[in-house]
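The values are calculated or read from the model by the stated rules, or taken from the named source; none is laboratory data. Keep in mind that what you see is a predicted model, and the values were worked out from it rather than measured. We place every Cβ from the backbone using ideal geometry, glycine too, and count neighbours over all the protein chains shown.
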Amino acid sequence: MGAYAYARPTSVEEAVSVLASAAEAGQRTQMLAGGTDVLVQMRSVDRDPRTLVDVKHIAETNRVEIGSDEVFVGAAVPSGVLNENEELKAIFPGLIESADLIGSTQIQGRASIGGNLCNSSPAGDTIPAIIAAGGVCVIAGPSGTREVACEDFLTGVGTNVLGDTEFLLGMRFPRPPARSGDAYLRFIPRTEMDIAVAGAGVALHLDADGNCVHARVAIGAVAPTALLVPAAGEALVGTQVDDAALAAAGAACSAAASPITDKRGTVEYRIKVVGVLCRRAGAIARDRALGN
Amino acid sequence: MAEAHDYKAIGTSPVRPDGVDKVTGRANFGADLNLPNMLHGKVLRSPHAHARIRSVDVSRALEMDGVYAAISGADFPSGAEGDIQGEGGGTVSDLAQNIVARDKALYHGHPVAAVAAKTPYIAERALDLIEVDYEVLPPVLDVDEAMADGATLINENLHTNGDTSQPASNVAGITKFERGDVDEAFAEADLIVEGEYRTPTAHQGYIEPHACTATYSEEGKATIWCCTQGHFDVRSLTASVLGVSVGDLKVIPSEIGGGFGGKTVIYLEPLAVKLSEVSGRPVKMVMSREEVFRATGPTSATHSRVKVGAKKDGTITAASAWIAYEAGAFPGAPVGPGCMAIFAPYDLPNFRVEGFDVLVNKPKVAAYRAPGAPQAMYAMESAVDDLARELDMDPIDLRLMNAADEGTQAPYGPTFPPIGIRDCLQAAKAHPNYTTPKGEGVGRGIAAGFWFNIGMQSSAEVRLSEDGTVTVVEGNPDIGGTRASMCLMAAETLGVPYETVRAHVGDTESTGFCNVTGGSRTTFATGMAVVQACEDIIAQCKQRAAATWDIDADQVDWTDGEAVPQPGVNVDVQPLSLADIAGNAGRTGGPILGRASLNAQGAGASFSVNMADVTVDRETGKVDVVNFTAIQDAGTAIHRAYVEGQMQGGAVQGLGWALNEEYVYDANGEMENAGFLDYRVPVTSDMPMIDTHIVEVPNPSHPYGVRGVGETPIVAPLSVAANAVRDALGFRIPDLPLSPPNVLAAIDDREGA
Ligand SMILES: Cc1cc2nc3c(=O)[nH]c(=O)nc-3n(C[C@H](O)[C@H](O)[C@H](O)COP(=O)(O)OP(=O)(O)OC[C@H]3O[C@@H](n4cnc5c(N)ncnc54)[C@H](O)[C@@H]3O)c2cc1C
């Protein structure tokens, strides 16, 4: 029987080499950010011993940088840190509110949006918000870094494009122009400490007349992965994001959903509710853009 | 109303004696005990909801490094006989087979074998090496399926009510009560409402999983540490499963992290003792949350039909009910109490109720706060709500018009002594949450609740220390603050400050017998024993004082914690305090110890009226509770804040049951949501502050007027929620839970969407 081990690399190179030598030796590794998924899994569904590679002690994964064109969020930054960053909150209120939905204050002291994304649950709350905001994953590996759009990062329930010797460094976001807004809403039967039955993130820009010139809509918990719904974005572009446009976007989300019936809800329920959430999140994003 | 008493301690809300230890983590709960050389036990559970067990082979597990014992049903005595004494009832044989399956696995999660190993991880891996040959049988998953003609039989030897002249059946028993001429009374009614309702399988949801440690000695005696609602019951149940004498077992209760009825039974203890016997080492067993859901005490899902007939003025002429309860894999659903409770708030000359105890391939149900009553009264209180709407009558007025009273013959037989249903209804009517008009889009619901409460056996000792401080020793694990209540009653009786009294929950060898902390009996029955033991102390103190003063004991009074000569007795002495007498005890006859043991009679029924305002999101089906008011007769509230805590906790549990909690099964009978993520008990932010109003109609059978208060609070919230949602939506959804998917589906059905 193997044993648990713990590695704490302090540079990207060291982390990649820990992963590479373990892969070579046929040993299992798992990256550890806040551990709010990993520790739960270690005590329940996946108890097999493995080497945990802590990603929190690398400068790059802790970096938050707000540039004039671009925002970078390191993969290990806890959502509690993001929530307290007023500048970031003003730029991406929807993304930050999605991070603020995770767990509780205690959980947020640890939980990262990088971990949320890499855990790759269909119901991960920040994922639709990251996709809507146009997030691009920066991935470190033996041959340097590569970039993958967030909507292409996920490959299935709990799976993503990361290879054995790769890990997520962080996410790049294009900085939205003036009159932009984003929003994320999820539905849970409780008020907190729950997992999304459906979720929708909307990010949009308006022109000076209030016409929508750009919109991205993503949905969660209604398919094996979070999905970008181009048709929903298109339904908003060129409109004043009025009730009719929102209804059309909501209908596009419902049409894009391919949920299952499970303990959290039926197919019919999820299809209907994801449309409702898209409408409601779209209205919030619009109002935020108008308030900008 | 209650006559005013000049109590000093009773009715206050001091900090509980066990409070600091519990909030600092110093208190020891079921899983906290560790012993040298201790092993960890784990249970192999059936992956099938219904299967014949052809063979169990533990030999490969035993070969694994670090494994010290592996056992299965074959290691336990077969053919145990007799009935279980106590609140839950049932037979020893069923209990024994529930602890570990013999020839059949009857639910997904049913224990089949167990191992003890050096670490929990090794024990888990060893379970994978146990070979069980199953013949999988079709599962029976609800009462309708179980009662249908030609249903698969769960137990081929089970006959309804034991009548072997009839074919075998999944219906273990039928209970019937009837009074008056029901058909005639329905015929006389101006109006009849009828409803058909369902409630889901729900769990008590205690936060602490079951845990125990056992150590077996070579002389054939075992000690068990465990979290339980009653260690004397653990002792007798474990002894009967193991086929040993209660004298061979000592049971030490830990602190308990919730039970709600679910810890009045045993699961792990006989396995831990047997594993310890085989391995020769102490064995600790701790369930995971998943195991708690899959294999311990849910309460019955039900299917019911209720019919109520009334005159135009609101007088109920007749009521009838048909209620089928799921028992799980063995007989023993709370059908009797459910059928006895359903009409309890009302003075009904004519009624009929029929209840069914029905086997299904689910875990054996265990007691859950007011067992059986929430489901039955959910149906009746929903029908009464519909009746009020049909009559266009205020739902409180309708209930007041038909309410039972002192002298009314209860539907379940006895004549009611003083009861509080009317006082509760009147308090509800006057409550600001009722008199305030409801807001836009808000639905308001109201319902009554009831529980019998029980007495049963209790013992208590009260010991006086040399400085006059007092130790109360009794045998009821403290779940809801009973140490504080015992101390308050002792302080009141002795006339000393609460802070000078400590309460200790003794193990099976250090205190006299007490039945479980259940049935809302502890403050009533054990409290009565504590009061009597204090009176014993007072009598002895009077004797000591009399001897000191050289007068007769009956010339001494006990006032405000002091012995004083009676008025008119001509002696020139200073009063002797409890501390004076205790300090001098060595010179006046030795230590002072009071005791009492009793079988308490006259547990007073506790009635309640609850109401709530809710809103419903018509696009998502989500119900939000805006406010909730719990009104209940406590007889006398010994510790006010803990009575309120019981009312609030019961309200929250009942609302969870009404709104979201349910076992979700797949077609093979495997529970899909065996964890708190998807078995949704409410979280704090889901709930408004629960407003409370304590009514006090003292129970004449208790020295301070106590009625049990622990169970009634969960009864009314199911129908309160359903009636409020009915009010908000304009139509009734008869099946619980009123979870968002269910509510939205009902709205869509209604609107043809
Ligand atoms: C009480 C509680 C409540 C929760 N509530 C929510 C909620 O409301 N919504 C929600 O979406 N989630 C929730 N979660 C889940 C969890 O908190 C989130 O998914 C969180 O964002 C995970 O972040 P982490 O930093 O803790 O990740 P970790 O647990 O450290 O890692 C998660 C996964 O990502 C991998 N990983 C982490 N970092 C990297 C990296 N840099 N490169 C490659 N792989 C990596 C890990 O190997 C692991 O597989 C909750 C968890 C708990 C315990």
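In region B:689-746, what residues are part of a loop (DSSP other than H, G, I, E, B) and small (Gly, Ala, Ser)? Result: B:Ser701, B:Gly705, B:Gly708, B:Gly710, B:Ala716, B:Gly730, B:Ser739.
Can you name the residue in region B:601-645 that is in a strand (DSSP E or B) and out of contact with any helix residue (DSSP H, G or I) (no Cβ under 7 Å at 6 or more places or on another chain) and is also nearest to the other protein chains (Cβ to nearest Cβ) among such residues? Selected residue: B:Asp624.
Among residues of region A:234-247 being in a loop (DSSP other than H, G, I, E, B) and in contact with a helix residue (DSSP H, G or I) (Cβ under 6 Å, 6 or more places away or on another chain), the one that is nearest to the other protein chains (Cβ to nearest Cβ) is A:Val241.
Looking across region A:178-196 at every residue that is more than 12 Å from the ligand (Cβ to nearest atom) and over 18 Å from the mean Cα position of the chain (by Cα), the one that is surrounded by the fewest Cβ atoms within 10 Å (Cβ to Cβ) is identified as A:Ala178.
What number of residues in region A:98-112 are near the ligand (Cβ under 6 Å from one of its atoms), away from chain B (no Cβ under 14 Å) and not basic (Lys, Arg)? Residues flagged as near the ligand (Cβ under 6 Å from one of its atoms), away from chain B (no Cβ under 14 Å) and not basic (Lys, Arg) within region A:98-112 amount to 2.
Filtered by the rule that a residue be part of a loop (DSSP other than H, G, I, E, B) and within 14 Å of chain A (Cβ to nearest Cβ), region B:118-168 gives B:Lys118, B:Thr119, B:Asp128, B:Leu129. Summed over region A:174-210, the residues that are away from chain B (no Cβ under 14 Å) and of a type in the set (A, V, I, L, M) give a count of 7.
Evaluation of A:Val217 against the conditions (1) over 17 Å from the mean Cα position of the chain (by Cα); (2) farther than 15 Å from A:Asp125 by Cβ shows that the sole unmet condition is (1). Taking the numbered list (1) touching a residue at least 60 places away in the same chain (Cβ under 8 Å); (2) of a type outside the set (S, T, N, Q); (3) closer than 30 Å to B:Gln540 by Cα in turn, B:Ala490 passes all entries but (1).
All of A:Ala256, A:Ala281, A:Ala231 fail the test of being of a type in the set (Gly, Ala, Ser) and within 14 Å of another protein chain (Cβ to nearest Cβ), apart from A:Ala281. If you go through region B:183-224 and keep only what is of a type in the set (A, V, I, L, M, F, W, C) and within 33 Å of the chain's Cα centre (by Cα), you end up with B:Val193, B:Ala202, B:Ile207, B:Ala211, B:Cys212, B:Ala214, B:Ala222, B:Ile224. In region A:120-136, the qualifying residues are those that are surrounded by fewer than 24 Cβ atoms within 10 Å (Cβ to Cβ) and away from every other protein chain (no Cβ under 14 Å), and the one that is nearest to the ligand (Cβ to nearest atom) is A:Ser120.
Is it the case, given these coordinates, that A:Gly250 is more than 14 Å from every other protein chain (Cβ to nearest Cβ) and of a type outside the set (S, T, N, Q)? No. Note on region A:262-271: among residues that are surrounded by fewer than 24 Cβ atoms within 10 Å (Cβ to Cβ) and facing chain B (nearest Cβ under 8 Å), the one that is nearest to B:Val664 (Cα to Cα) is A:Lys263.
A:Arg288 falls short on exactly one of the conditions (1) among the basic types (Lys, Arg); (2) touching a helix residue (DSSP H, G or I) at 6+ places or on another chain (Cβ under 7 Å); (3) surrounded by 24 or more Cβ atoms within 10 Å (Cβ to Cβ), and that condition is (3). Go through (1) free of Cβ contacts under 8 Å to residues at least 40 places away in the same chain; (2) in a helix (DSSP H, G or I); (3) surrounded by fewer than 16 Cβ atoms within 10 Å (Cβ to Cβ) for B:Glu390 and report which single condition fails. Tallying (1) free of Cβ contacts under 8 Å to residues at least 40 places away in the same chain; (2) in a helix (DSSP H, G or I); (3) surrounded by fewer than 16 Cβ atoms within 10 Å (Cβ to Cβ), B:Glu390 fails exactly one: (1).
Results for (1) more than 8 Å from chain A (Cβ to nearest Cβ); (2) touching a residue at least 12 places away in the same chain (Cβ under 8 Å); (3) crowded, with 17+ Cβ neighbours inside 10 Å, shown as yes or no for each residue.
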{"site": "B:Asn660", "(1), (2), (3)": "no, yes, yes"}
{"site": "B:Val664", "(1), (2), (3)": "no, yes, no"}
{"site": "B:Asn668", "(1), (2), (3)": "yes, yes, no"}
{"site": "B:Ala674", "(1), (2), (3)": "yes, yes, yes"}
{"site": "B:Val681", "(1), (2), (3)": "yes, yes, yes"}
{"site": "B:Thr684", "(1), (2), (3)": "yes, no, no"}
{"site": "B:Asp691", "(1), (2), (3)": "yes, yes, yes"}
{"site": "B:Ile694", "(1), (2), (3)": "yes, yes, yes"}
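Just one of the listed residues (A:Ile260, A:Ile195) is assigned to a loop (DSSP other than H, G, I, E, B), modelled with pLDDT under 95 and touching a Leu at 6+ places or on another chain (Cβ under 7 Å), and it is A:Ile195.
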